[in-house]
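Trainee: Got a structure for you, written out below as structure tokens; questions coming shortly.
The values are calculated or read from the model by the stated rules, or taken from the named source; none is laboratory data. Keep in mind the model is a prediction, meaning the values are calculated, not measured. Because the Cβ atoms are built from the backbone with ideal geometry, glycine has one as well, and the counts that use them run over all protein chains shown.
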Amino acid sequence: GELFNVFLDDHPYPFKVNPQFKAWVPVTQVPNCWLLVDGVNKPKLWFYLPVDYWHNVEPLPNSFWTEDVEVIALPKADGIGSLLPAARGNIGYIGPVPERALQLGIEASNINPKGVIDYLHYYRSFKTEYELACMREAQKMAVNGHRAAEEAFRSGMSEFDINIAYLTATGHR
């Protein structure tokens, strides 16, 4: 995804990562990253890493998941064109800026192709054992919070104090 500036302003709207992108790599706060998945080689992640004096720049990721992805620094957002494969007839673009894909020489029929998006949506709906375990733990926390909120409500506490009871019981501040 990319940052979009507010009309007649020099500040962008808050960045929101593409859900298809974050299903592959846990990079959620860095715009201008690109992911190439060809089904044969390790996926390539071009991680936006500008030289920037004014803004905080995330470091190149180095975590458990980077063993399965080739992580490459992308110092300039517009530099992706020279890094993508030259033959782009079979490259698909999934994202919010079709104009960018066209500028990169990606065919219009391969921009947000319905078949690919449907496939990704379908398989993203399946949960791994890890995701299911996380959901179970979250439910346990939520049950504790709801029970505490109910108890606070029944004892006549204010809405603010009910919220504090919920947050305390779920381990939040």
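Trainee: For region 14-57, enumerate the residues that are within 9 Å of the chain's Cα centre (by Cα), aliphatic (A, V, I, L, M) and not in a helix (DSSP H, G or I).
Mentor: Result: Val17, Val25, Val27, Val30.
Trainee: If you check Leu3 against the conditions, is it at positive phi and assigned to a loop (DSSP other than H, G, I, E, B)?
Mentor: Considered against the rule, which asks whether it is at positive phi and assigned to a loop (DSSP other than H, G, I, E, B), Leu3 comes out as no.
Trainee: Then there is this: Could you tell me whether any residue of region 129-151 is assigned to a loop (DSSP other than H, G, I, E, B) and in contact with a helix residue (DSSP H, G or I) (Cβ under 8 Å, 6 or more places away or on another chain)?
Mentor: Checked against the condition, which is being assigned to a loop (DSSP other than H, G, I, E, B) and in contact with a helix residue (DSSP H, G or I) (Cβ under 8 Å, 6 or more places away or on another chain), region 129-151 yields no hits at all.
Okay, residues lined up against (1) in the same structural domain as Val37 (by TED's automatic domain parsing); (2) more than 17 Å from Leu36 (Cα to Cα); (3) loosely packed, with under 11 Cβ neighbours inside 10 Å:
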position	(1), (2), (3)
Tyr53	yes, yes, yes
Glu58	yes, yes, no
Asn62	yes, yes, yes
Val69	yes, no, no
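Trainee: Next up: For Val97, indicate whether it is modelled with pLDDT of 95 or more and either farther than 13 Å from Cys33 by Cβ or surrounded by 15 or more Cβ atoms within 10 Å (Cβ to Cβ) (or both).
Mentor: Taking the combined requirement at face value, the residue does not satisfy it.
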